[in-house]
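Participant: Structure below; questions to follow.
The values are calculated or read from the model by the stated rules, or taken from the named source; none is laboratory data. Remember, predicted model here, so these are calculated numbers, not experimental data. Neighbour counts are summed over all protein chains in view; Cβ atoms, including those assigned to glycine, are modelled from backbone coordinates with ideal geometry. Surface areas here come from the heavy atoms of the whole protein model, side chains and all, with no ligands, DNA or RNA. Shrake-Rupley method; radii C 1.70, N 1.55, O 1.52, S 1.80 Å.
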Amino acid sequence: MIASNGGGPFRQAHVDPLARLRTAQDPPWDVYLTGPVFLDIIFTGLDSAPVRGTESWARGMGSSPGGVANMATALARLGLRTSLAAAFGDDHYGEYCWDALEQGEGIDLTPSRAVPGWHSPVTVSMAYEGERTMVSHGHEPPPEEPAPDCPPRARAAVASLTPGIRAPWLAQAASRGTRIFADVGWDDTGRWDLAGLADLAHCEAFLPNAEEAMRYTGADCPRAAAHALAEHVPLAVVTLGADGAYAVDGGSGECAEVPAIAVEALDPTGAGDVFVAGFVMGTLADWPLADRLAFAGLTAALSVQEFGGSLSAPGWSEIAAWWRRVQSVDDQDPAALRRYAFLEGLLPEVTRPWPLRRAVPTIGFGRSA
């Protein structure tokens, strides 16, 4: 396990990880996503979970776009041309989220729209003891929101599969050559029927966490679950939390496992989305499987050291700063450093500190009336 001595934000450098692969015939977007955008309000520094009938004070607070915005921001900060189809509330929260994603992150919102008279969904997340508890409120947007009839051409798309429900846009995208990466949420039905994930047939890679993978396969350990999933999807990646991640390529039979990076977590919100974004980027860049796992774990580890899901995602300058810093840590494990040596030659020079856009305690602070 590699050790890190903390981190801080740095001036964002533009890196195009797909530069050597681009041609005039490429689709306009590297990654397409669709889904709900939430306003996330995050409380950190709680000593314990809130207790009924009492008032708890948090030592930290941040607000940022959430939901599918976590993944979209993580992809964009890694230099991928990202397009998002989402419904935005017709309120100040919706305006803030739209501006943060389009102007702040350079995400294409052409397929998105603001829905008149519909308010933004909101999630309050409370982080404590390395875990989080969330409370959300929102209403379903109009039926035509947010996915268009025909998604734009893209190298890849990222989706969250829903048991028992097909997303027609996934089949459309896959039929046009888009590479589909998917994760899955908790199965509230309790059936955990892999056959119920019908859209898995369109996926190149499936990235559940360990508990989800074991429940869907009936396996008694995450690694066995990954091998079982690889019989249904070309590439199975199972995240193991503090133990890292394990992947199986069903076609070649290649397996890879990479341990996690030891960090002090401030807020785990969105870490899974950042992991998927890092893995997607490495896959589109044609990296070896183990390098993709290592990079995905690194980006997720850096994200939990900041507030919020979307605006905690690291950019290339932060990754470069981390790499320079860990090499100077006394008694660093040489084998752990070699695991990340593939970063050399990819990373920009870091010359002066400058923060990325981060989660803030309130929205619209400092605006005149």
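Participant: Identify, please: which residue in region 321-344 is assigned to a loop (DSSP other than H, G, I, E, B), farther than 27 Å from residue 71 by Cβ and of a type outside the set (S, T, N, Q) and is, among those, modelled with the highest pLDDT?
Facilitator: The residue in question is 344.
Participant: Determine if region 128-138 includes at least one residue that is of a type in the set (Val, Ile, Thr) and in a helix (DSSP H, G or I).
Facilitator: no
Participant: Taking the options 96, 128, name whichever one is closer than 27 Å to residue 157 by Cβ, modelled with pLDDT under 95, open to solvent by 30 Å² or more (accessible area, probe 1.4 Å) and of a type outside the set (A, V, I, L, M, F, W, C).
Facilitator: 96
Participant: Here is a follow-up. Determine the pairs where a residue that is in contact (Cβ under 8 Å) with a residue 12 or more places away in the chain, located within region 186-198, has a partner that is of a type in the set (Val, Ile, Thr) and open to solvent by less than 80 Å² (accessible area, probe 1.4 Å) with Cβ atoms under 8 Å apart, the partner being 6 or more residues away or on another chain.
Facilitator: Note: pairs meeting the criteria are 194/217; 197/184.
Participant: Which ones in region 199-209 are open to solvent by 30 Å² or more (accessible area, probe 1.4 Å) and in a helix (DSSP H, G or I)?
Facilitator: 201, 202
Participant: Based on what the data block shows, is residue 305 over 27 Å from residue 70 (Cβ atoms) and not β-branched (Val, Ile, Thr)?
Facilitator: no
Participant: Now, a different point. If the requirement is being within 17 Å of the chain's Cα centre (by Cα) and modelled with pLDDT under 95, which of these qualifies: 65, 141, 116?
Facilitator: Result: 65 is the single residue among 65, 141, 116 that is within 17 Å of the chain's Cα centre (by Cα) and modelled with pLDDT under 95.
Participant: Let me ask something else. Within region 41-90, which residues are among the aliphatic types (A, V, I, L, M), part of a strand (DSSP E or B) and surrounded by 24 or more Cβ atoms within 10 Å (Cβ to Cβ)?
Facilitator: Those that are among the aliphatic types (A, V, I, L, M), part of a strand (DSSP E or B) and surrounded by 24 or more Cβ atoms within 10 Å (Cβ to Cβ): 42, 84, 87.
Participant: Scan region 175-197 residue by residue and report those that are aliphatic (A, V, I, L, M) and either in contact with a Phe, Trp or Tyr (Cβ under 8 Å, 6 or more places away or on another chain) or open to solvent by 30 Å² or more (accessible area, probe 1.4 Å) (or both).
Facilitator: Once the filter is applied, which keeps residues that are aliphatic (A, V, I, L, M) and either in contact with a Phe, Trp or Tyr (Cβ under 8 Å, 6 or more places away or on another chain) or open to solvent by 30 Å² or more (accessible area, probe 1.4 Å) (or both), region 175-197 yields 182, 184, 194, 195, 197.
Participant: Okay, moving on. Can you tell me which condition residue 25 does not meet? The list is (1) surrounded by 13 or more Cβ atoms within 10 Å (Cβ to Cβ); (2) without any contact (Cβ under 8 Å) to a residue 40 or more places away in the chain; (3) among the polar types (S, T, N, Q), and all the others hold.
Facilitator: (1)
Participant: Another question about this same structure. Going by the conditions given, is residue 151 open to solvent by 20 Å² or more (accessible area, probe 1.4 Å), touching a strand residue (DSSP E or B) at 6+ places or on another chain (Cβ under 6 Å), farther than 30 Å from residue 301 by Cβ and assigned to a loop (DSSP other than H, G, I, E, B)?
Facilitator: Considered against the rule, which asks whether it is open to solvent by 20 Å² or more (accessible area, probe 1.4 Å), touching a strand residue (DSSP E or B) at 6+ places or on another chain (Cβ under 6 Å), farther than 30 Å from residue 301 by Cβ and assigned to a loop (DSSP other than H, G, I, E, B), residue 151 comes out as no.
Participant: Next question, about the same structure. Only one residue in 56, 112, 120 is out of contact with any helix residue (DSSP H, G or I) (no Cβ under 6 Å at 6 or more places or on another chain), among the hydroxyl-bearing types (Ser, Thr, Tyr) and more than 24 Å from residue 284 (Cβ to Cβ), so which one is that?
Facilitator: One residue alone meets the criteria, 56.
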